[in-house]
Amino acid sequence: MDLTTDYMGLKLSSPIIAGSSGLTNSVEKIQKLEQSGAGAIVLKSIFEEEIVFEHEDILKEAEAAGVDLDQFDYYDFHLKGEKLNSYTDLIEGSKDAVSVPIIASINCTYSHEWISFAQQIEEAGADAIELNMFFLPSDFSRSSQEQENMYFKVVERLLDTVSIPIALKISYYFSSLGQMIKRLSNSGVAGLVLFNRFFSPDIDIDTLKIKPSFVLSSPGDLAISLRWIAIMANKVGCDLAASTGVHNGNAVIKQLLAGAKAVQVASSLYKNGPEQIRVMNDTLTQWMENKGHNSISEFRGKMSQEAASNPAVFERVQFMKYFS
Ligand SMILES: Cc1cc2nc3c(=O)[nH]c(=O)nc-3n(C[C@H](O)[C@H](O)[C@H](O)COP(=O)(O)O)c2cc1C
C-alpha cells in the first residue's frame, strides 16, 4: 500500500506528521517518532519571545556591570548565537539520526529580529521551516488590515532570507478567514497548516485564580479544521496540512478526503505515545484496502467542498432542525 504524499515539495512516507510540541524537542524522541511511522517531524518551536526576554536580561546585566553599551551588537550577536546553537544542534542531530524530513519551527509575533536565525536553521540542514505566527486580535490600536499585513511582511522577509520551503501555521482568528487563507497561500509559502491550538485561560472558582484551560485537544476539535480544509482544498495556491483534533486513523482519512496533503498530530501522541502513529497508519492502510485504493492520490480531496455532492453542507452553520 502506497502511503506516500508530497507536502511542500518534500516526499513523505506517510501523511502523518508529528506536530511541533514537547515531543519533538530531542533527537531520542524524534527517533521514536520515525520508528513509529511518522512521515515528517516538526521540531518544537524556537520562540521569539524567549530570545527577546533573554536579550533584555543580558542588556540589564551588562548595564549593571558597567559594560559599554556601544558593544550592544556584540551581546546581541552572542546571545543569538547561544540560543540558536542548541536549536541548530537539534536540527543537525536529528538529520543525522533519522531519514524523514525535519521541519524547523519558529514562533513569532510582529518582530523581524529573529529572521537572521532562519538562515542558520537552513544551514543546519532543516528541510523546511514552519512559521508559527500569531497575535491575538485584541490590540485595539491596530486595524484588521494592519494585523493582516504583518503576516505578509514577515513571510516576504523570510522568503528573501531562505530558499527552503516555508509553511505558515495559522489560527482561525481572521475577520475574513477564507479570503485570508487564499491570499496567504499565494504569498510564496509552500504550505499552510490549518490550524494551530493555543493556550487558553480558565478561571478556578474556588481559588479565584486564572489557570490553564484544557491543554490537549479532543477528537471533537477536528471539526473546525476539517471544514476549512474541505472549503479551501481547491482554492489555494499551496499545500494544506490539517492540525487540531487528529486523534486516530479515521480522522486522518477524513482530512485526506477533505483535501489535506498531510495531517499533524500532537495531543494524541501525548495521550497514547508515539506508537499511535503506527495505529493511525494501520487504520489508513486497512481503509484503503477495503475501498480498493492503492495510493492516497486516488482519493485525496474526494470529499472537498468542490467535489462534494452537497457543497452547501460545509457552509451550514445553524442547527436549524437538529432535535426536532
Ligand atoms: C504541550 C503542547 C506544546 C505545543 N508546542 C507547540 C510549539 O512549540 N509550536 C507550535 O507551533 N505548536 C505547538 N503546539 C501545537 C501543536 O503542534 C498542534 O498544532 C496543536 O496541539 C493541535 O494539534 P493536536 O490536536 O493534535 O494537539 C503544542 C501543543 C501542545 C499540546
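The values are calculated or read from the model by the stated rules, or taken from the named source; none is laboratory data. None of these values were measured; they are calculated from a predicted model. FYI the Cβ positions are ideal-geometry reconstructions off the backbone, even for glycines, and counts take in every protein chain you see. Accessible surface is based on the protein model in full, side chains and every heavy atom, while ligands, DNA and RNA are left aside. Shrake-Rupley method; radii C 1.70, N 1.55, O 1.52, S 1.80 Å.
Counting only protein chains, not ligands or nucleic acids, how are Thr285, Thr5 ordered by accessible area (probe 1.4 Å), most first?
The most accessible residue leads, giving Thr285, Thr5.
Going 7 Å from the Cα of Lys271 along its beta-carbon direction, which residues of the range 208-235 have the amide nitrogen within less than 17 Å of the resulting point?
Inside the label zone: 213-226.
So which lysines pass the test for Lys11, namely a Cα distance under 27 Å, with those fewer than 8 places away in the same chain ruled out?
Straight-distance partners of Lys11: Lys29, Lys32, Lys44, Lys95, Lys169, Lys182, Lys235, Lys254, Lys261, Lys291, Lys302.
Would you mind calculating the relative contact order of the chain from Cα pairs under 8 angstrom and at least 6 residues apart, reporting the percent as a whole number?
Relative contact order, the chain: 19 percent.
What angle do you read, to the nearest 10 degrees and between 0 and 90, between the alpha-carbon axis of helix 144-161 and the longest principal axis of the chain?
Once rounded, the angle reads 80 degrees.
Ordered by packing density, taken as the mean number of other Cβ atoms within 10 Å over each peptide's residues, highest first, how do 90-97, 163-170 rank?
By packing density, highest mean first, the sequence is 163-170, 90-97.
Could you sort Glu146, Glu48 by their accessible area in this structure, using a 1.4 Å probe and putting the largest first?
Glu146, Glu48
So in the chain, what percent of DSSP beta bridges are antiparallel if you round to the nearest 5?
Antiparallel bridges make up about 20 percent of those DSSP assigns within the chain.
What is the set of long-range amide H partners of Leu168 at a cut-off below 5 Å, with H atoms built 1.01 Å from backbone N?
Leu131, Gly191, Leu192, Val193
Taking the chain as the reference, fit the longest principal axis to its C-alpha atoms, fit the long axis of helix 222-232 to the helix C-alpha atoms, and give the angle between the two in degrees, 0 to 90, nearest 10.
So the inclination is approximately 80 degrees.
Rank these by accessible area, largest first, 1.4 Å probe: Glu289, Glu148.
Listed by decreasing accessible area, they come as Glu289, Glu148.
Determine, for each peptide in 241-254, 218-231, the mean count of other beta carbons within 10 angstrom over its residues, then list the peptides with the highest first.
Ranked from most to least packed, the peptides come out as 241-254, 218-231.
May I ask you to compute the full-extension gain from Thr283 to Glu63, defined as 0.36 nm times their residue separation minus their alpha-carbon distance, rounded to one decimal in nm?
The Thr283-Glu63 span can extend by a further 73.3 nm.
Roughly speaking, to the nearest percent, how much of the range 201-297's 1.4 Å accessible area is carbon and sulfur?
Here carbon and sulfur together make up 54 percent of the probe-accessible area.
Under the 0.36 nm per residue contour assumption, what length would be gained going from the current alpha-carbon distance of Asp2 and Ala307 to full extension?
Here the answer is 107.5 nm.
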